[in-house]
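Working notes for the structure below.
The values are calculated or read from the model by the stated rules, or taken from the named source; none is laboratory data. In this text, all values refer to a predicted model and were calculated from it rather than measured experimentally. As a convention, Cβ positions derive from the backbone with ideal geometry for all residues, glycine included, and neighbour counts pool all protein chains shown. Surface accessibility is based on the protein's heavy atoms, side chains included, excluding ligands, DNA and RNA. Shrake-Rupley method; radii C 1.70, N 1.55, O 1.52, S 1.80 Å.
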Amino acid sequence: MSETPRPSPATTGRHNPLPVVMEQVADGDRDAFSALYDVAASRAFGIALRLLRNPALAEEVAQDAMVELWRTAARYDPGRGSVETWTLTIAHRRAVDRVRRDRAGKERDLEDARASTISFDATAETATRHTDIRGCLLSLTDLQRQAVVLAFYEGYSYPEVAALLEVTLPTIKAPIRDGLRRLRDCLTPVGAA
(Lines give C-alpha, C1' and ligand atoms only; values in the text may rest on other atoms or scores of the structure.)
Protein backbone atom coordinates (compact mmCIF):
# COMPACT_ATOMS: atom_id res chain seq x y z
CA MET A 1 0.00 0.00 0.00
CA SER A 2 1.36 3.40 -0.91
CA GLU A 3 1.31 6.10 1.66
CA THR A 4 -0.55 9.36 0.98
CA PRO A 5 1.97 12.17 0.67
CA ARG A 6 1.95 14.54 3.64
CA PRO A 7 1.21 18.14 2.82
CA SER A 8 4.10 20.48 3.57
CA PRO A 9 3.67 22.83 6.52
CA ALA A 10 4.41 25.81 4.25
CA THR A 11 1.20 25.30 2.33
CA THR A 12 -1.19 24.05 4.99
CA GLY A 13 -2.34 24.67 8.48
CA ARG A 14 -2.75 21.58 10.58
CA HIS A 15 -5.15 20.06 8.07
CA ASN A 16 -6.40 22.91 5.85
CA PRO A 17 -4.73 24.91 3.12
CA LEU A 18 -3.47 28.27 4.41
CA PRO A 19 -6.03 30.39 2.51
CA VAL A 20 -8.77 28.42 4.29
CA VAL A 21 -6.94 28.88 7.58
CA MET A 22 -6.80 32.64 6.91
CA GLU A 23 -10.57 32.69 6.37
CA GLN A 24 -11.00 30.93 9.70
CA VAL A 25 -8.62 33.39 11.38
CA ALA A 26 -10.61 36.25 9.87
CA ASP A 27 -13.68 34.75 11.56
CA GLY A 28 -11.84 34.84 14.91
CA ASP A 29 -10.94 31.13 15.10
CA ARG A 30 -8.13 30.89 17.66
CA ASP A 31 -7.25 27.31 16.70
CA ALA A 32 -6.83 28.39 13.09
CA PHE A 33 -4.59 31.23 14.23
CA SER A 34 -2.55 28.75 16.26
CA ALA A 35 -2.07 26.67 13.10
CA LEU A 36 -1.13 29.80 11.14
CA TYR A 37 1.27 30.82 13.88
CA ASP A 38 2.99 27.43 13.77
CA VAL A 39 3.63 27.86 10.05
CA ALA A 40 4.31 31.59 9.77
CA ALA A 41 6.01 32.78 12.99
CA SER A 42 9.41 31.23 12.29
CA ARG A 43 9.50 32.78 8.82
CA ALA A 44 8.48 36.18 10.18
CA PHE A 45 11.26 35.83 12.76
CA GLY A 46 13.77 34.86 10.05
CA ILE A 47 13.12 37.91 7.89
CA ALA A 48 13.12 40.21 10.92
CA LEU A 49 16.42 38.76 12.11
CA ARG A 50 18.01 39.31 8.70
CA LEU A 51 17.09 42.99 8.82
CA LEU A 52 17.60 43.72 12.52
CA ARG A 53 20.50 41.38 13.35
CA ASN A 54 19.29 41.25 16.93
CA PRO A 55 17.37 38.14 18.05
CA ALA A 56 15.45 39.93 20.81
CA LEU A 57 14.29 42.72 18.49
CA ALA A 58 13.53 40.21 15.72
CA GLU A 59 11.37 38.27 18.16
CA GLU A 60 9.41 41.42 19.05
CA VAL A 61 8.95 42.30 15.40
CA ALA A 62 7.82 38.76 14.51
CA GLN A 63 5.35 38.87 17.40
CA ASP A 64 4.03 42.23 16.17
CA ALA A 65 3.70 40.82 12.65
CA MET A 66 1.71 37.86 13.92
CA VAL A 67 -0.59 40.13 15.92
CA GLU A 68 -1.09 42.20 12.77
CA LEU A 69 -1.94 39.00 10.86
CA TRP A 70 -4.57 38.20 13.49
CA ARG A 71 -6.06 41.70 13.34
CA THR A 72 -6.02 42.07 9.55
CA ALA A 73 -6.79 38.51 8.46
CA ALA A 74 -10.07 39.68 6.89
CA ARG A 75 -8.07 41.86 4.47
CA TYR A 76 -6.10 38.93 3.08
CA ASP A 77 -6.78 38.46 -0.64
CA PRO A 78 -5.56 35.14 -2.08
CA GLY A 79 -5.62 36.69 -5.54
CA ARG A 80 -2.78 39.05 -4.57
CA GLY A 81 -0.39 36.42 -3.25
CA SER A 82 0.10 33.52 -0.90
CA VAL A 83 -0.40 33.66 2.86
CA GLU A 84 3.34 33.12 3.24
CA THR A 85 4.13 36.11 1.01
CA TRP A 86 1.63 38.27 2.87
CA THR A 87 3.13 37.21 6.21
CA LEU A 88 6.68 37.94 5.03
CA THR A 89 5.59 41.32 3.65
CA ILE A 90 4.06 42.29 6.99
CA ALA A 91 7.14 41.09 8.91
CA HIS A 92 9.47 42.90 6.50
CA ARG A 93 7.47 46.12 6.82
CA ARG A 94 7.52 45.87 10.61
CA ALA A 95 11.28 45.22 10.66
CA VAL A 96 11.98 48.16 8.35
CA ASP A 97 9.80 50.39 10.55
CA ARG A 98 11.78 49.25 13.59
CA VAL A 99 15.11 49.98 11.89
CA ARG A 100 13.87 53.45 10.91
CA ARG A 101 12.49 54.14 14.38
CA ASP A 102 15.76 53.03 16.03
CA ARG A 103 17.81 55.11 13.59
CA ALA A 104 15.61 58.15 14.16
CA GLY A 105 15.94 57.66 17.92
CA LYS A 106 19.72 57.53 17.67
CA GLU A 107 19.73 60.65 15.51
CA ARG A 108 17.48 62.42 18.03
CA ASP A 109 19.83 61.38 20.86
CA LEU A 110 22.83 62.71 18.93
CA GLU A 111 21.01 65.95 18.17
CA ASP A 112 20.00 66.29 21.83
CA ALA A 113 23.62 65.71 22.86
CA ARG A 114 24.81 68.34 20.37
CA ALA A 115 22.12 70.78 21.51
CA SER A 116 22.98 70.30 25.18
CA THR A 117 26.66 70.86 24.42
CA ILE A 118 25.82 74.01 22.49
CA SER A 119 23.44 75.07 25.26
CA PHE A 120 26.11 74.47 27.89
CA ASP A 121 28.68 76.41 25.85
CA ALA A 122 26.21 79.25 25.32
CA THR A 123 25.33 79.26 29.02
CA ALA A 124 29.00 79.34 30.01
CA GLU A 125 29.64 82.12 27.49
CA THR A 126 26.63 84.07 28.76
CA ALA A 127 27.77 83.68 32.37
CA THR A 128 31.25 84.91 31.43
CA ARG A 129 29.73 87.84 29.54
CA HIS A 130 27.54 88.74 32.55
CA THR A 131 30.59 88.69 34.81
CA ASP A 132 32.42 90.97 32.35
CA ILE A 133 29.47 93.37 32.23
CA ARG A 134 29.20 93.47 36.03
CA GLY A 135 32.90 94.25 36.28
CA CYS A 136 32.62 97.02 33.69
CA LEU A 137 29.55 98.48 35.40
CA LEU A 138 31.57 98.70 38.63
CA SER A 139 34.15 100.80 36.78
CA LEU A 140 31.53 103.53 36.10
CA THR A 141 30.78 106.41 38.43
CA ASP A 142 27.77 105.93 40.70
CA LEU A 143 25.61 108.29 38.61
CA GLN A 144 26.64 106.62 35.32
CA ARG A 145 26.02 103.11 36.69
CA GLN A 146 22.60 104.00 38.15
CA ALA A 147 21.51 105.82 35.00
CA VAL A 148 22.64 103.02 32.63
CA VAL A 149 21.06 100.30 34.77
CA LEU A 150 17.76 102.16 35.02
CA ALA A 151 17.65 103.02 31.31
CA PHE A 152 18.95 99.81 29.74
CA TYR A 153 18.36 97.01 32.23
CA GLU A 154 15.14 98.19 33.84
CA GLY A 155 13.68 99.89 30.77
CA TYR A 156 13.01 103.38 32.08
CA SER A 157 12.90 106.31 29.67
CA TYR A 158 15.43 109.14 30.03
CA PRO A 159 12.86 111.47 31.67
CA GLU A 160 11.92 108.68 34.13
CA VAL A 161 15.60 108.05 34.93
CA ALA A 162 16.09 111.77 35.57
CA ALA A 163 13.07 111.83 37.89
CA LEU A 164 14.18 108.69 39.77
CA LEU A 165 17.69 110.07 40.28
CA GLU A 166 16.30 113.54 41.05
CA VAL A 167 18.28 115.37 38.38
CA THR A 168 17.26 117.35 35.32
CA LEU A 169 16.84 115.67 31.93
CA PRO A 170 19.84 117.42 30.33
CA THR A 171 21.93 116.43 33.35
CA ILE A 172 21.15 112.68 32.94
CA LYS A 173 21.90 112.40 29.20
CA ALA A 174 25.64 112.99 29.55
CA PRO A 175 26.20 110.33 32.28
CA ILE A 176 24.24 107.76 30.24
CA ARG A 177 26.18 108.61 27.04
CA ASP A 178 29.56 108.59 28.84
CA GLY A 179 28.67 105.44 30.78
CA LEU A 180 27.75 103.58 27.56
CA ARG A 181 31.07 104.63 25.95
CA ARG A 182 33.03 103.39 28.94
CA LEU A 183 31.08 100.10 28.90
CA ARG A 184 31.78 99.67 25.19
CA ASP A 185 35.48 100.34 25.69
CA CYS A 186 35.61 98.00 28.68
CA LEU A 187 33.80 95.17 26.87
CA THR A 188 35.62 95.46 23.54
CA PRO A 189 38.60 93.07 23.44
CA VAL A 190 41.96 94.77 22.95
CA GLY A 191 42.73 95.14 19.22
CA ALA A 192 39.11 94.36 18.18
CA ALA A 193 38.05 97.97 17.62
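Worth a mention:
- Linear extension gain, residue 70 paired with residue 26, 0.36 nm per residue minus alpha-carbon span: 15.1 nm
- Taking a sphere under 14 Å around the Cβ of residue 183 and counting the other residues whose Cβ falls inside, with K and R at +1 and D and E at -1, yields a net charge of +4.
- Net charge contributed by nearby residues that have their C-beta within less than 13 Å of residue 95 (K/R +1, D/E -1): +3
- Per-atom-type breakdown for the range 43-193 gives carbon and sulfur 54% of the accessible area (1.4 Å probe, protein chains only).
- The range 143-193, relative contact order [Cα under 8 Å, separation at least 6], %: 38 percent
- Full extension of the chain between residue 114 and residue 53 gives 19.1 nm of extra length, using 0.36 nm per residue less the Cα-Cα distance.
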